[in-house]
Amino acid sequence: MAKLHNYHVLCPLIDQNSFLGVARDELDENVVVTLGRNVVNKYRLSDQKQIGGWTSKDHLTSAVIFDKEQDSYVGVFNKNTIKMWKDDSCSLDKSKKYKFSVNIMKLIPRDSEPSIIIFENGNCASLAYALDNRKTYENKLLVKDSENIVDVACYKIHKTDYICYVIKNSKDSYDIMTCSLRDELGDMEKSKLNKIKVARTDSTNAHVIGKFISIEQNSAVYFMWSDSKITQYDLAKKSWKTIGLVTWISTTTSVSMAWMGNDNLILFGCNTDQDGAIIVAYNVILGVGSCRYPMKMYSENAKLYCFHGRIILEASNHIGMLPFVLEINRNLSSLLGSHEITQDDTMEIANWDTPVNPMFNYPKEVKSLLKLGLTERSMCAQVIAKLVEQDDINKINEIIRKFVDVPESIIAMLLNYAIKKINPSGIDITNHEEVVKLCSIESKPFTLLQYLFGIGFSDAMLIPCLRNGISLDSSMFLLTYILYLLVDSDIKLNSHYESKLIDWCTLLMDSFYQQNLLTKDEKVTHVLKNVQNVVCNLIDQLTAIDNSLPLLHKIVSGKHSEQDDRDTLPYTIELMKI
């Protein structure tokens, strides 16, 4: 599930028609923005500050990239010339030129291998090989004059490098062309070239309005059609699949697409009311839209990227940035109603030789229930409830870990059961030393509580169970124990578990909101103030880290000196005694 944060302006856009694109820099948190035909700037995403830039008299015709093998920035000028320069270069006009006899379309950077040059005729080559053989490079056409390359990417399958083109012809139909690349040379093995026509198996007259080649997590080509369907062509399996419907985006205009990560696409298009734009995060595995972000202005054929947990978007007069977080362990109940039913016409061959016995490990306590065809939630409820009646906490700690889908009623039951085992009524909850002494005891009930806090749940279903299943005093103890885990405990907590603990604080306060508001109990006030103090302290720590990042960046890059603070002062004040 994706969560989108506040929108920021990364930099103003000189001219939308001459904007060439954004590429990764040497450091992940920096990007190289080719703003126009003569301007290239570097920006740090964490604080949206410009940290470098160059200008050129020659016209850039493709987005500038950083090539790790050459340890240099590389740009295409006047469609047929390559220039390379270092970070400390003052002027691009003095950089050495490498002129080609054929026009260059773009450059594609690769992480662990040389960058690839894509020529307008469809050929390609690694950067080093192309520079050495630029005067004798072949000019054989792989793409017809009536065809245009609209997207291209390099990917790897079983340690073999491939290149993929999405080609559009004069009849507005599309083809996918793939071919393996030769090692070191980076050019195509023409004998293994493969071409696939992009078409739908159904009889609709839908046409393509968005396309994207995904290479980061899975090698596939995604298409969005004018009937709101999204289809996928798997480059490894060479098969088509219908993903689902995106009904929140208008299909009368083009849709921009990019890959967010963790099975999520990001889509930008005009909203259905035709009065603005919308950004949609779409899960291609579940076929659901997990997040939507409305915007005022829509830009036709806007360039869209995802770098370092941020969406980079081309707007009408600026380049925008939208940070996001992907919560892969979030409960799916929050996505109910966010999908549309789709019919996939592709045929699947069933394997009737599947063994009758389940292909997974299961506790012996559910063996008799499996034959009845019960859901996991039902089996969990029956097994755990029986163990609670038997007061077998060792077995509960063992069995509960074997269930993935735990009912909210069972979570509330086990919370109440663990609290009764701990019996916190014998201590003063306002005495910090007594609380720490109790919570630091390693016992089975505390082990059970720690595991329960990490289980996924639905807020709407768990709140009624908590109200009916535990008392206000028990909720105060749970809040106190959560604060102990966050502040005083020696247990190492990962970021996901810490986030779950904060969610539990919110959940417990929501469950007993009226009691917390109306009660005059000093213990309740003390616990709630402790929660506020801990949360404020955590926020202050995040603010301190955010303020320290620019200074740390200068220190790591070796650009910080003691003179910096004095040199950057806009003015000084001197006191004179008259």
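One residue is enough: does the stretch 311-323 have a residue meeting the conditions open to solvent by 30 Å² or more (accessible area, probe 1.4 Å) and in contact with a Cys (Cβ under 8 Å, 6 or more places away or on another chain)? Scanning the stretch 311-323, I find at least one residue that is open to solvent by 30 Å² or more (accessible area, probe 1.4 Å) and in contact with a Cys (Cβ under 8 Å, 6 or more places away or on another chain), so the answer is yes. For the stretch 429-438, state whether one or more residues are outside any helix (DSSP H, G or I), closer than 21 Å to Gln515 by Cβ and touching a helix residue (DSSP H, G or I) at 6+ places or on another chain (Cβ under 8 Å). Yes, that holds for at least one residue. Filtering the stretch 489-501 to residues that are open to solvent by 60 Å² or more (accessible area, probe 1.4 Å), part of a helix (DSSP H, G or I) and either closer than 21 Å to Ser440 by Cα or at pLDDT 90 or above (or both) leaves only Glu498. Looking at Ser495, Ser511, Ser489, Ser548, just one residue is over 30 Å from Gly52 (Cα atoms), among the hydroxyl-bearing types (Ser, Thr, Tyr) and without any contact (Cβ under 8 Å) to a residue 40 or more places away in the chain, and that residue is Ser495. In the set (1) more than 18 Å from Ile455 (Cβ to Cβ); (2) touching a Phe, Trp or Tyr at 6+ places or on another chain (Cβ under 8 Å); (3) modelled with pLDDT under 90, Lys402 fails one condition alone, (1). Meeting the requirement of 3 or more residues that are farther than 18 Å from Asp151 by Cα, of a type outside the set (Phe, Trp, Tyr) and touching a Phe, Trp or Tyr at 6+ places or on another chain (Cβ under 8 Å), the strands (runs of 3 or more DSSP E) wholly within the stretch 209-264 are 239-245. Condition check for Lys211 on (1) under 20 Å from Tyr165 (Cβ atoms); (2) of a type in the set (Lys, Arg); (3) surrounded by fewer than 20 Cβ atoms within 10 Å (Cβ to Cβ): one failure, at (3). When Val406, Val388 are screened for being open to solvent by less than 50 Å² (accessible area, probe 1.4 Å) and either among the acidic types (Asp, Glu) or part of a loop (DSSP other than H, G, I, E, B) (or both), only Val406 passes.
Being closer than 19 Å to Val284 by Cβ, among the aromatic types (Phe, Trp, Tyr), touching a strand residue (DSSP E or B) at 6+ places or on another chain (Cβ under 9 Å) and part of a strand (DSSP E or B) is a property that Tyr162 lacks. What's the number of the condition Lys444 fails, among (1) basic (Lys, Arg); (2) surrounded by 17 or more Cβ atoms within 10 Å (Cβ to Cβ); (3) farther than 19 Å from Ser409 by Cα? It is condition (2) that Lys444 fails. Only a single item in (1) open to solvent by 60 Å² or more (accessible area, probe 1.4 Å); (2) touching a residue at least 24 places away in the same chain (Cβ under 8 Å) is not met by Met476, and it is number (1). In the stretch 57-80, the residue that is farthest from Val31 (Cα to Cα) out of those that are buried (at least 17 other Cβ atoms within 10 Å of the Cβ) and of a type in the set (S, T, N, Q) is Asn80.
Within the stretch 83-100, is there a residue that is surrounded by fewer than 20 Cβ atoms within 10 Å (Cβ to Cβ) and touching a His at 6+ places or on another chain (Cβ under 9 Å)? The answer is no; no qualifying residue exists. If you go through the stretch 30-56 and keep only what is under 21 Å from Pro323 (Cβ atoms), charged (D, E, K, R) and open to solvent by 50 Å² or more (accessible area, probe 1.4 Å), you end up with just Lys49.
Number of residues in the stretch 429-452 that are hydroxyl-bearing (Ser, Thr, Tyr) and either modelled with pLDDT under 90 or touching a strand residue (DSSP E or B) at 6+ places or on another chain (Cβ under 6 Å) (or both): the value is 3. Restricting to the stretch 121-155, count the residues that are open to solvent by 80 Å² or more (accessible area, probe 1.4 Å) and either more than 28 Å from Val255 (Cα to Cα) or at pLDDT 90 or above (or both). So the answer is 8.
Considering the stretch 179-197, and only residues there that are without any contact (Cβ under 8 Å) to a residue 12 or more places away in the chain and in a loop (DSSP other than H, G, I, E, B), the residue that is farthest from Ser115 (Cα to Cα) turns out to be Glu189.
If you go through the stretch 505-549 and keep only what is under 34 Å from the mean Cα position of the chain (by Cα), among the β-branched types (Val, Ile, Thr) and either modelled with pLDDT under 85 or open to solvent by 60 Å² or more (accessible area, probe 1.4 Å) (or both), you end up with Thr506, Ile539, Thr543, Ile545.
Yes or no: Asn262 closer than 14 Å to Val288 by Cα, in contact (Cβ under 8 Å) with a residue 12 or more places away in the chain and open to solvent by 30 Å² or more (accessible area, probe 1.4 Å)? So Asn262 passes the test. Residues that are exposed (fewer than 14 other Cβ atoms within 10 Å of the Cβ), in contact with a Ser or Thr (Cβ under 8 Å, 6 or more places away or on another chain) and touching a residue at least 12 places away in the same chain (Cβ under 8 Å) occur in the stretch 459-473; there is at least one. Residues in the stretch 275-314 that are in contact (Cβ under 8 Å) with a residue 60 or more places away in the chain, assigned to a loop (DSSP other than H, G, I, E, B) and at negative phi: Val284, Ser299, Lys303. Criterion applied to Ser56, Ser95 was being over 20 Å from Asn133 (Cα atoms), touching a strand residue (DSSP E or B) at 6+ places or on another chain (Cβ under 9 Å) and of a type outside the set (D, E, K, R), and the one residue passing it is Ser56.
Within the stretch 214-222, can one find any residue that is closer than 21 Å to Tyr7 by Cβ and either of a type in the set (S, T, N, Q) or touching a residue at least 24 places away in the same chain (Cβ under 8 Å) (or both)? The answer is no; no qualifying residue exists.
Restricting attention to the stretch 72-86, the residues that are touching a residue at least 40 places away in the same chain (Cβ under 8 Å) and over 22 Å from Leu142 (Cβ atoms) add up to 3. If the condition is being farther than 13 Å from Ile470 by Cβ and among the small types (Gly, Ala, Ser), then the stretch 403-447 contributes Ser425, Gly426, Ser440, Ser443.
Annotation note: of Ser170, Ser101, Ser112, the sole residue that is modelled with pLDDT under 90 and within 21 Å of Ser254 (Cβ to Cβ) is Ser170.
The values are calculated or read from the model by the stated rules, or taken from the named source; none is laboratory data. As the structure is a prediction and not an experimental result, all values here were calculated from the model. Every residue, glycine as well, gets a Cβ built from its backbone with ideal geometry; the counts of neighbours run over all protein chains shown. For the accessible areas, the whole protein counts, side chains as well, though only heavy atoms, and no ligand, DNA or RNA atoms are used. Shrake-Rupley method; radii C 1.70, N 1.55, O 1.52, S 1.80 Å.
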